[in-house]
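What follows is a short report on a single structure.
Coordinate-derived values only; no laboratory data. As the structure is a prediction and not an experimental result, all values here were calculated from the model. Virtual Cβ from ideal backbone geometry, glycine too; neighbours counted across all protein chains shown.
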Amino acid sequence: MWDLIGVLILPGLVRLKAVVGYEMAGFVGGDPHPSEGVGWIATLGVLPAYRRQGIASALLEACETQMNLPAVRLSVRRSNEAALRLYRGQGYHLVDVWPGYYFDHEDALVLEKKC
Ligand SMILES: CC(C)(COP(=O)(O)OP(=O)(O)OC[C@H]1O[C@@H](n2cnc3c(N)ncnc32)[C@H](O)[C@@H]1OP(=O)(O)O)[C@@H](O)C(=O)NCCC(=O)NCCS
C-alpha cells in the first residue's frame, strides 16, 4: 500500500499509463537507481477487460526505455503465472528469491533483464 503511494508521489520515478478511449487500461511504475545501474519495476497492472492485448508488454518496454539503465529488476509472487510468463517472454530471468516477502508469506521471485 505505502509502496504504491510512493510510486505515485515520489519524485524521479517513471510513471506511464495506457489509455483506451477515456479509460485508464494499465499502469507501470519504474524506480530508477542510476548509481546502481538498475531500474526496478515497482508496479504493473492492466484492467481485466484489456488483458491479453499486449498492453503490459508495451508498458514494460516503454518503462525500460525511459529508465535507460543497464539492468531492470522486479519482484513477483511465485504463484503469479500470468506475470511470470509475461516477464520470461520479455527476457527476464530469475536472480534471487526473497522467502516469505509478501504479507501472506508467499515468496517473491526477483527477476532481471539486461538492457
Ligand atoms: C500480468 C498482467 C500485467 C499482464 O497484462 P497483459 O496486458 O494481459 O499482458 P500482455 O497482453 O502484454 O501479455 C504478454 C504475454 O504474457 C503472457 N500472459 C499474460 N497474461 C497471461 C495469462 N493470464 N496466462 C498466461 N499467460 C499470460 C502471455 O505469454 C502473453 O502473450 P500472449 O497473449 O501472446 O499469449 C495482468 O494480467 C495483470 O494486470 N495482472 C494483475 C496484476 C499483476 O499481477 N501485475 C504483475 C505484478 S508483478
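Per-residue answers, yes or no, for (1) hydrophobic (A, V, I, L, M, F, W, C); (2) exposed (fewer than 13 other Cβ atoms within 10 Å of the Cβ):
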position	(1), (2)
Glu64	no, no
Met67	yes, no
Arg73	no, no
Arg77	no, no
Gln90	no, no
Asp104	no, yes
Ala108	yes, no
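Among the residues of the stretch 92-102, count how many are of a type outside the set (Ser, Thr, Tyr), assigned to a loop (DSSP other than H, G, I, E, B) and either near the ligand (Cβ under 8 Å from one of its atoms) or surrounded by 10 or more Cβ atoms within 10 Å (Cβ to Cβ) (or both).
Total meeting the criteria: 1.
Gly37 - would you say it is within 14 Å of the chain's Cα centre (by Cα) and within 22 Å of Lys114 (Cβ to Cβ)?
No.
How do the pairs read when you match residues in the stretch 50-63 that are in a helix (DSSP H, G or I) with residues anywhere that are surrounded by fewer than 16 Cβ atoms within 10 Å (Cβ to Cβ), using Cβ under 7 Å and keeping only pairs 6 or more apart or on different chains?
Tyr50/Val20; Ser57/Gln90; Leu60/Gln90
Would you call Ser79 more than 8 Å from the ligand (Cβ to nearest atom), among the hydroxyl-bearing types (Ser, Thr, Tyr), part of a helix (DSSP H, G or I) and under 22 Å from Asp3 (Cβ atoms)?
No.
Taking Gly100 as the residue in question, decide whether it is at positive phi, over 12 Å from the mean Cα position of the chain (by Cα) and not β-branched (Val, Ile, Thr).
For Gly100, the condition - at positive phi, over 12 Å from the mean Cα position of the chain (by Cα) and not β-branched (Val, Ile, Thr) - is met.
Mind checking which residues of the stretch 11-43 are in a loop (DSSP other than H, G, I, E, B) and either surrounded by 12 or more Cβ atoms within 10 Å (Cβ to Cβ) or touching a Lys or Arg at 6+ places or on another chain (Cβ under 7 Å) (or both)?
Correct list: Leu13 only.
Within the bounds of the stretch 32-40, is there any residue that is closer than 22 Å to Leu86 by Cα and either among the aliphatic types (A, V, I, L, M) or near the ligand (Cβ under 9 Å from one of its atoms) (or both)?
Yes, the stretch 32-40 contains a residue that is closer than 22 Å to Leu86 by Cα and either among the aliphatic types (A, V, I, L, M) or near the ligand (Cβ under 9 Å from one of its atoms) (or both).
Would you please name the residue that is nearest to Leu109 (Cα to Cα), looking only at residues in the stretch 44-74 that are within 7 Å of the ligand (Cβ to nearest atom) and polar (S, T, N, Q)?
The extreme case among them is Ser57.
Does Gly39 satisfy the condition of being under 20 Å from Gly6 (Cβ atoms) and in contact (Cβ under 8 Å) with a residue 12 or more places away in the chain?
yes
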